[in-house]
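Read the figures in this text as sums done on the coordinates, not as results from a lab. Quick caveat: nothing in here was measured; it's all calculated off a predicted structure. Here Cβ is always computed from backbone atoms with ideal geometry, including for glycine, and neighbour counts include all displayed protein chains.
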Amino acid sequence: MNEMQILKIVEQFSRKSDPVEGQARIMRVADYKSVYVETVDKIGRAIVMTEYKVDGKTYRAGYSSRSDTVFVSYTSRD
């Protein structure tokens, strides 16, 4: 998944739009996270979050191909 696709998902998340059919799952994680550790079958994998700005708000998001999930964390520096 590329950054433009993740940005569209973060935009949908921030605007509380319904996800598109067949799109990756969206999971909110704790605010201000820059790395999230996803655990699948007792194996941890670090998901590095990239910063995205949507409608004046700042979010961090990262994608896991293992679970086809976009992890989103709210971060406001305004």
Regarding region 49-65, can at least one residue be identified that is small (Gly, Ala, Ser), more than 10 Å from the chain's Cα centre (by Cα) and surrounded by 11 or more Cβ atoms within 10 Å (Cβ to Cβ)? no
For Val10, work out the one condition from (1) of a type in the set (A, V, I, L, M); (2) part of a loop (DSSP other than H, G, I, E, B); (3) crowded, with 17+ Cβ neighbours inside 10 Å it doesn't fulfil. (2)
